[in-house]
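Engineer: This is the structure, below, for whatever I ask next.
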Amino acid sequence: MGAADVHDACASASKSGARAALIAALLGFFVITLDAVVVNVALPTLAHDLGAGVAGLQWVVDGYTLMFGALLLSAGALGDRMGARRIFGVGLAVFVAASVVCGWAPSLAVLVAARLVQGAGAAAMMPASMALIRQVYPDPGPRAHAIALWAMGGSVAATSGPVIGGWLALLSWRWIFFINVPVGLLTLAFLVRTPQSPRRSVPFDPLGQTTAVFAMGALIYGAIEAGSQGLGAVSVWFAFALAAAALATFAWSQAHGTHPMVPLELLKPRNARVALAVGFTFMVGYFGLPFVMSLYLQQHRGLSAPATGAAFLPMMLTGLVLTPFSARLVRRHGARAMIVSGLLAMASGLAVIAALPASAPVGLIAALMVLVGLAGPLVAPPVTAVLLSSVPAALAGTASGVFNTGRQVGGALAVAVFGTLLAQAPSFLLGMRASLGLAAGLSLATALISLRLEA
């Protein structure tokens with residue numbers, strides 16, 4: 001075999017490995033996103049089978065989101081230390097094993113515990129999937145194309161999640177978790193064909209990570225328990241006090257630590273602070289709405305699980321169709337105009353849905369949810385670009401981790417607070433209106449703050 005043949009063979013192997021890595025990363029992102037949204041439509045049947053109240057359902061949703069968001073801060077550093085391919089494989093194995101336990105769960109407690117483990121596996125996979133793409137696509141042009149394909153995996157999951165969840169719930173809610181097993185095995189088949197990832201020694205912040213988990217966990221626990229125990233319960237106030245103490249310790253560790261997870265210089269640019277606030281409040285509406293409306297449409301309007309999933313389809317399709325055009329719209333209108341418009345659309349949709357009478361046609365509700373769906377392509381891509389362009393290149397990875405953690409905490413806190421409002425209100429309809437009204441107010445306030453963006 002000549003030198004040219006060896007070169008061609010190596011190039012072919014390199015292309016094959018890059019293709020396998022991209023498919024593995026795309027499937028990983030797909031299943032991570034799917035599990036964040038697919039469960040909402042199955043909540044009523046799950047509650048019936050396991051005897052769960054609103055607080056239990058909140059933990060089913062938030063257990064996954066909480067651990068996902070809390071561990072994202074350190075998962076990237078862990079991937080650098082172990083290698084992206086290895087940590088992705090470990091996270092995938094944990095995720096699939098936890099999915100099996102979720103599907104088998106004989107009780108609510110087992111299901112929630114498994115959802116926590118699922119979230120930990122997802123946190124390991126998420127940054128590693130991006131690192132795999134950077135590794136096998138060193139040139140900016142092909143890498144940008146690969147990242148666009150990777151992002152489509154999340155968009156397809158977010159769009160199809162409610163529909164998939166609705167149809168699987170007809171068989172059993174357990175299948176929304178068992179479906180992860182074949183997808184996970186397929187992902188593993190491509191992962192073993194990817195090249196080994198380099199490792200490098202990077203610092204780790206154990207105090208920051210520990211206090212971040214305690215702060216987020218205690219805050220979500222207090223918000224959820226306030227719904228079942230009442231805001232004046234000792235356990236609720238203890239949880240909030242623990243969250244405050246953990247948050248104070250976290251802030252101190254970041255200000256005085258040698259290798260902080262969230263360097264203070266990250267928060268100095270105004271654009272960075274506004275972008276982080278937008279990411280948080282955007283998820284309050286975008287993640288909180290499906291939780292509330294899934295319960296409302298099935299328990300109070302009598303829709304089946306597939307029909308409920310279909311009601312969310314226009315909202316989700318809006319994001320899928322418009323996201324590829326987001327960059328072009330930013331070039332034409334500017335990031336600030338896009339972000340403000342998206343937040344105003346979300347606030348309008350949430351406010352009008354909250355004001356609808358109980359007899360409003362489901363078709364009208366579905367159409368109004370499209371306004372919330374518009375916020376996805378109008379807000380998420382440009383605000384991410386604004387954040388990354390406002391921090392030094394060396395902090396881009398850290399900024400992305402903090403941004404995504406804030407998004408996950410926003411979604412988890414929305415489910416916790418909205419569930420409490422549903423449980424404490426005199427009627428479900430009043431609780432739903434209060435929840436959506438709160439989300440609309442936050443979106444409007446953040447739209448006004450976003451006017452200060454220098455973009």
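Engineer: Just tell me, in residue order, which DSSP H segments of the chain are both 27 angstrom or longer along the helix axis (alpha-carbon based) and at least 0.0 in mean Kyte-Doolittle hydropathy.
Structural biologist: Qualifying helices, which must be both long enough and hydrophobic enough, are 3-37, 54-82, 84-104, 108-136, 140-171, 206-229, 234-256, 270-295, 335-355, 362-389, 396-424, 428-450.
Engineer: What trypsin sites (Lys or Arg not before Pro) in the range 346-455 are in a loop by DSSP, with at most 16 other Cβ atoms within 10 Å of the Cβ?
Structural biologist: Arg452
Engineer: Please calculate the 1.4 Å probe accessible area of Ser228, with all protein chains present, and give it to the nearest 10 Å².
Structural biologist: We get 70 Å² for Ser228.
Engineer: Grab the DSSP H runs of the chain that are 4 residues or longer, score each as -39,500 (n - 2.57), total them, divide by all residues and round the 222 nm result to the nearest 500 deg cm²/dmol. Mind showing how you got there, number by number?
Structural biologist: On the way: 17 runs with 370 residues, N = 455.
Helices in the chain give a 222 nm mean residue ellipticity of -28500 deg cm²/dmol.
Engineer: Tell me which trypsin sites (Lys or Arg not before Pro) from the range 301-336 have a DSSP coil assignment and no more than 11 other beta carbons within 10 Å of their own.
Structural biologist: none
Engineer: Now for a different question. Accessible surface of Met338 in the full protein assembly, 1.4 angstrom probe, to the nearest 10 Å²?
Structural biologist: Near enough 10 Å² of accessible area.
Engineer: Compute the relative contact order of the chain as a whole-number percentage, counting only Cα pairs closer than 8 Å that sit 6 or more residues apart in sequence.
Structural biologist: About 22 percent, as a whole number.
Engineer: Then there's this: Leaving ligands, DNA and RNA out of it, rank Val183, Val39 by accessible area with a 1.4 Å probe, largest first.
Structural biologist: Largest accessible area first, the list is Val183, Val39.
Engineer: Additional query: Can you pull the one-decimal nm distance between simple spin-label points at Val321 and Arg143, each 7 Å off the Cα toward Cβ?
Structural biologist: 3.4
Engineer: Separation between the Leu429 and Ser389 pseudo-spin-labels, each 7 Å from Cα along Cα→Cβ, expressed in nm?
Structural biologist: Result: 4.7 nm between the two label points.
Engineer: Moving to a separate point now. Kindly report, to the nearest 10 Å², the accessible surface of Glu265 as traced by a 1.4 Å probe over protein heavy atoms only.
Structural biologist: We get 100 Å² for Glu265.
Engineer: Additional query: Please report, largest first and rounded to whole Å, the three semi-axes of the ellipsoid equivalent to the range 270-418, where each semi-axis is the square root of five times an eigenvalue of the C-alpha gyration tensor.
Structural biologist: For the range 270-418, the ellipsoid semi-axes come out as 30, 17, 12 Å.
Engineer: For the chain, which whole percent of the accessible surface, found with a 1.4 angstrom probe, sits on carbon and sulfur atoms?
Structural biologist: Looking at the chain in its full context, I get 70 percent from C and S.
Engineer: Let me see the P(r) profile for the range 334-455: every Cα-Cα distance counted, bins of 5 Å, each bin given as a percent of all pairs.
Structural biologist: 2, 11, 16, 20, 19, 13, 9, 5, 3, 1, 0
Engineer: Once you put a point 7 Å from the Cα of Ala245 and another 7 Å from the Cα of Ala233, both along the Cβ direction, what distance in nm separates them?
Structural biologist: 2.0
Engineer: Return the long-range amide H neighbours of Leu303 (sequence gap of 5 or more, or a different chain), with a cut-off of under 5 Å between placed amide H atoms.
Structural biologist: When sequence neighbours closer than 5 places are left aside, the close amide H contacts are Gln298.
Engineer: Translational diffusion coefficient of the chain at 4 °C, 1.567 mPa s, Stokes-Einstein with Kirkwood Rh over Cα pairs, in µm²/s as a whole number.
Structural biologist: It comes out at roughly 58 µm²/s.
Engineer: In whole Å, what three semi-axes, largest first, describe the equivalent ellipsoid of the range 226-300 built from its Cα gyration tensor (square root of 5 times each eigenvalue)? List each step's numbers first, then the result.
Structural biologist: Values: eigenvalues 205, 102, 14 Å².
Equivalent-ellipsoid dimensions as semi-axes: 32, 23, 8 Å.
The values are calculated or read from the model by the stated rules, or taken from the named source; none is laboratory data. Here the structure is a predicted model, which means the values were calculated and not measured. Quick reminder, even Gly has a Cβ in these numbers, built from the backbone with ideal geometry, and neighbours come from all protein chains shown. Remember, those area values only see protein heavy atoms, side chains included, never the ligands or the DNA or RNA. Shrake-Rupley method; radii C 1.70, N 1.55, O 1.52, S 1.80 Å.
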